[in-house]
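Undergrad: Okay, here's the structure, questions in a sec.
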Amino acid sequence: MRRTFDVRTERRLQVIDVTDEVADAVSASYDGVCTVFSKHTTAGVCVNEAESRLLGDIESMLAEAVPDDGWDHDELDGNADSHLRALLVGNGVSIPVADGGLDLGRWQSVLLVECDGPRTRTVTVATP
């Protein structure tokens, strides 16, 4: 089974909790693993805590780790920093599912990391 949902981002670099959307995309009777995948080269998906200050810290860390400019790819479309930040995050995660629910740890959430917003992003949730 494969389902998708869209997320509208508001800032160039933004972390958004999409746990509820991912959970809604998994069948209520499913046991196994789901894959959550960003269909974009300038956005990523990860699992971490969705505490608001930490989300800001993630944004700050990515901004500091990868300078905005000075990259060769910027000659094409000016967003090399977005590609490189998304590379650090990764484009997808696998999450265990038990009785149709995401089997995440107490503080874990599924996060979409926007690196080239604002945009509308498509996230895919797939189960075998």
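Undergrad: Which whole-number value in Å² is the accessible area per residue of the chain, probe 1.4 Å?
TA: Accessible area per residue: 54 Å².
Undergrad: Pick out, from VAL33, GLY70, ILE16, the residue whose Cα sits farthest towards the positive end of the charge dipole of the chain, with +1 on the Cβ of Lys and Arg and -1 on the Cβ of Asp and Glu.
TA: Among VAL33, GLY70, ILE16, the one farthest towards the positive end of the dipole of the chain is VAL33.
Undergrad: Sticking with this structure for a sec: Using R₀ = 35 Å, calculate the FRET efficiency as 1/(1 + (r/R₀)^6) where r is the Cβ-Cβ separation of ASP72 and ASP24; round to 0.05.
TA: 0.30
Undergrad: Expressed in nm to one decimal, what extension gain is obtained for the pair ALA65 and SER94 from 0.36 nm per residue of sequence separation less their Cα-Cα distance?
TA: That works out to 7.9 nm of additional length.
Undergrad: What Rg and what Dmax come out for segment 60-128 when only alpha-carbon atoms are used, in angstroms?
TA: Values for segment 60-128 (Cα only, Rg and Dmax): 15.6, 49 Å.
Undergrad: Please compute the contact order of segment 2-126 in relative form: average sequence separation of alpha-carbon pairs under 8 Å and at least six residues apart, divided by the residue count, as a percent.
TA: Normalised by residue count, the contact order of segment 2-126 is 53 percent.
Undergrad: Suppose only helical runs count, i.e. DSSP H with n ≥ 4. What mean residue ellipticity at 222 nm does that imply for the chain under -39500 (n - 2.57) per run, divided by all residues and rounded to the nearest 500 deg cm²/dmol?
TA: -7500 deg cm²/dmol
Undergrad: Quick check of the Kirkwood formula: for the chain, what is the inverse mean of 1/r over all pairs of different Cα atoms, in Å?
TA: After inverting the mean inverse Cα-Cα distance, the result is 15.0 Å.
Undergrad: Got a number for the accessible area of ASP6? Probe 1.4 Å, square angstrom, nearest 10.
TA: 100 Å²
The values are calculated or read from the model by the stated rules, or taken from the named source; none is laboratory data. Because the structure is a prediction, the values reported are computed rather than measured. Backbone-built Cβ (ideal geometry, glycine too); neighbour counts: all protein chains shown. What goes into the accessible areas is simple: the full protein's heavy atoms, side chains included, and nothing from ligands, DNA or RNA. Shrake-Rupley method; radii C 1.70, N 1.55, O 1.52, S 1.80 Å.
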